[in-house]
Amino acid sequence: GLTGNKGWTPHWRDPEPKPEYDIIIIGGGGHGLATAHYLASQHGITNVAVLEKGYLGGGNVGRNTTIVRANYMLPGNSEFYSHSLKLWEGLEQDLNYNVMHSQRGIINLFHSDGQRDAFARRGNQMIAQGDDAILLDREGVQRELPYLDFDQTRFPIYGGLYHKRGGTARHDAVAWGFARGADSRGVDLIQQCEVTGIDIENGAVRGVQTTRGPIRAKKIGMVAAGRSSQVAAMAGMRLPIESHILQAFVTEGLKPCIDHVITYGMGHFYISQSDKGGLVFGGDLDMYSSYASRGNLPTAEHVVEAAMTLMPVIGKARMLRSWGGIMDMTPDGSPVIDRTHIDGLYVNCGWCYGGFKATPASGHTFAHLLATDTPHPVAKALRLDRFRTGRGILDEEASGSQH
Ligand code: FAD
């Protein structure tokens, strides 16, 4: 601003697609851009294109509620998200970019003795994994979050699980930082380039058809988040995914008043305050499959009712905006990072409503898989065939935690 916007250069080039690449990434969201960044920075593979049908960061990476945490419970997820949080903790140095990662702490509220037991078990697992967790009693929550309604009888607050290293990050900046990291090492980021077909010959990929013409490739990574099923269908695959809308809401900007992330799972509600001052909150899915990226009023009403139950003071704030994004939900709520049965075709999908926090680890481990053809040690349970073999990772049911 001080220079009157003069002399500014774009963060990344706007290249024409080349006829052939070593690796094509389908999808210029957080995970696709992170994959490209780590392919270049960790493996020295730079003859790579990221093909994005819209603009970089215009998908879910720019639509989420920005929560970053490592409080999963089950093996398969816990080491993966633990790895991700460690990457977050060094991300600004790695990218030389301010992604506004703020470890302000997350408190998951619980409302019964049974839920306390489940949260204590999860907290112990988090500590065993090397992450942090503190079990707060009711007074402990009251000290941290005095503005909640502790007299409400619908779901009385018994306590909370406090994960101090959890927090938020500025979602757009994460996309931009990874984009700049990849572009500056020679990766081509190609926007307005929709993949419309995947060419396969004799069981191996040969390239893609796009709205900007055909492009050949030795390897292809499908990283299309809420469109994963549609992209996989181009290779004749049917993924174990249902796509649903998740809505989010933001109020007008307020002075700092909420300095944690709070989740109220029983009411389907969670909230934090953005650095611009807006209260950012959301709830559960609109429970029908759809590719529309705006949700419906019954869910909005449900979320606002929960907000008023938990912290009636929120009724004084005015709502500014609401929006939705398409969540690719797997049957067990955990993601997939794997090869497919087609040579040279790899899939990264099924992030449900929790993929923003996974962005660095997803890119890091997917790049490892693409570069070495072996799964990264922290992602080796995230197999596509687990739905056939019965090795699902039902973390949400185990831990009662979302987002
Ligand atoms: P995207 O940004 O959607 O990237 C996929 C890209 O693929 C898109 O840009 C799309 O245009 C492109 N694409 C699709 N098809 C094609 C094609 N045929 N050709 C070319 N390009 C294509 N996660 C958290 O961890 N914490 C949260 O607090 C959280 N809150 C959320 C709240 C909401 C309202 C929503 C919607 C999501 C939330 N999530 C959260 C989930 C998280 O945003 C996603 O899991 C994650 O962003 C998905 O990965 P991505 O960034 O790569 O997706």
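The values are calculated or read from the model by the stated rules, or taken from the named source; none is laboratory data. None of the values given here were measured: they were computed from a predicted structure. Here the Cβ is made from the backbone with ideal geometry for all residues, glycine too, and neighbour counts use every protein chain on show. Quick note on the areas: whole protein, heavy atoms, side chains included, nothing else; ligands and nucleic acids left out. Shrake-Rupley method; radii C 1.70, N 1.55, O 1.52, S 1.80 Å.
With open to solvent by 10 Å² or more (accessible area, probe 1.4 Å), among the hydrophobic types (A, V, I, L, M, F, W, C) and more than 10 Å from the ligand (Cβ to nearest atom) as the only criterion, which of Val250, Val187, Val205 stands out?
Details: Val187 fails: open to solvent by 10 Å² or more (accessible area, probe 1.4 Å); Val205 fails: open to solvent by 10 Å² or more (accessible area, probe 1.4 Å).
Going through Val250, Val187, Val205 in turn, just one is open to solvent by 10 Å² or more (accessible area, probe 1.4 Å), among the hydrophobic types (A, V, I, L, M, F, W, C) and more than 10 Å from the ligand (Cβ to nearest atom): Val250.
Yes or no: Ala182 among the aliphatic types (A, V, I, L, M), part of a loop (DSSP other than H, G, I, E, B), more than 9 Å from the ligand (Cβ to nearest atom) and at pLDDT 95 or above? It is false that Ala182 is among the aliphatic types (A, V, I, L, M), part of a loop (DSSP other than H, G, I, E, B), more than 9 Å from the ligand (Cβ to nearest atom) and at pLDDT 95 or above.
Within the option set Asp343, Asp286, being of a type in the set (D, E, K, R) and open to solvent by less than 40 Å² (accessible area, probe 1.4 Å) holds for one residue only, Asp286. You will find that of Ile258, Ile262, the residue that is at pLDDT 95 or above, open to solvent by less than 20 Å² (accessible area, probe 1.4 Å) and within 14 Å of the ligand (Cβ to nearest atom) is Ile262 and no other. In the range 214-229, which residue that is farther than 20 Å from Phe366 by Cα and open to solvent by 20 Å² or more (accessible area, probe 1.4 Å) is farthest from the ligand (Cβ to nearest atom)? Step by step, filter the range 214-229, then rank; the result is Arg216.
Looking at the range 380-397, can you tell me whether even one residue there is under 25 Å from Phe249 (Cα atoms), buried (at least 16 other Cβ atoms within 10 Å of the Cβ) and of a type outside the set (Phe, Trp, Tyr)? Explain how you work it out, then say what you get.
Residues of the range 380-397 under 25 Å from Phe249 (Cα atoms): 396.
So of that shortlist, the ones also buried (at least 16 other Cβ atoms within 10 Å of the Cβ) come out as 396.
Filter once more, so that each one left must be of a type outside the set (Phe, Trp, Tyr): 396.
Yes, there is a match, as at least one residue in the range 380-397 is under 25 Å from Phe249 (Cα atoms), buried (at least 16 other Cβ atoms within 10 Å of the Cβ) and of a type outside the set (Phe, Trp, Tyr).
Answer yes if at least one residue in the range 31-46 is surrounded by 24 or more Cβ atoms within 10 Å (Cβ to Cβ) and in a loop (DSSP other than H, G, I, E, B), and no otherwise.
Initially, the range 31-46 is screened for residues surrounded by 24 or more Cβ atoms within 10 Å (Cβ to Cβ), giving 31-39.
Now restrict to residues that are in a loop (DSSP other than H, G, I, E, B): none.
No.
Restricting the first member to the range 203-227 and to residues that are over 24 Å from Asp328 (Cβ atoms), and the second to residues that are open to solvent by less than 20 Å² (accessible area, probe 1.4 Å) and near the ligand (Cβ under 8 Å from one of its atoms), the beta-carbon pairs closer than 6 Å and six or more apart or on different chains are Arg212/Cys193.
With the requirement that a residue be near the ligand (Cβ under 6 Å from one of its atoms), within 13 Å of the chain's Cα centre (by Cα) and either part of a helix (DSSP H, G or I) or not hydrophobic (A, V, I, L, M, F, W, C) (or both), what does the range 47-75 give you? Reasoning before the result, please.
Taking the range 47-75 first, the residues near the ligand (Cβ under 6 Å from one of its atoms) are 51-54, 58-61, 63-67.
Add one more test, that the residue is within 13 Å of the chain's Cα centre (by Cα), and what stays is 59-61, 63-67.
Within the range 47-75, Gly59, Asn60, Val61, Arg63, Asn64, Thr65, Thr66 meet the criteria.
I'd like the residue in the range 272-283 that is within 21 Å of Asp149 (Cα to Cα) and touching a residue at least 40 places away in the same chain (Cβ under 8 Å) and, out of all such residues, is surrounded by the most Cβ atoms within 10 Å (Cβ to Cβ). Among those residues, the one meeting the criterion is Phe281. Within the range 193-202, restricting attention to residues that are in contact (Cβ under 8 Å) with a residue 60 or more places away in the chain and not in a strand (DSSP E or B), which residue is farthest from the ligand (Cβ to nearest atom)? Filtering the range 193-202 for residues that are in contact (Cβ under 8 Å) with a residue 60 or more places away in the chain and not in a strand (DSSP E or B), the one farthest from the ligand (Cβ to nearest atom) comes out as Cys193. Picking from residues in the range 350-373 that are open to solvent by less than 10 Å² (accessible area, probe 1.4 Å) and among the aliphatic types (A, V, I, L, M), the one that is nearest to the chain's Cα centre (by Cα) is Ala358. Inspect the range 134-150 for any residue being within 16 Å of the ligand (Cβ to nearest atom) and either touching a Lys or Arg at 6+ places or on another chain (Cβ under 7 Å) or of a type outside the set (A, V, I, L, M, F, W, C) (or both) and give the result as yes or no. Checked the range 134-150: no residue is within 16 Å of the ligand (Cβ to nearest atom) and either touching a Lys or Arg at 6+ places or on another chain (Cβ under 7 Å) or of a type outside the set (A, V, I, L, M, F, W, C) (or both). For the range 165-183, the condition of being more than 22 Å from the chain's Cα centre (by Cα) and surrounded by fewer than 20 Cβ atoms within 10 Å (Cβ to Cβ) holds for none of the residues.
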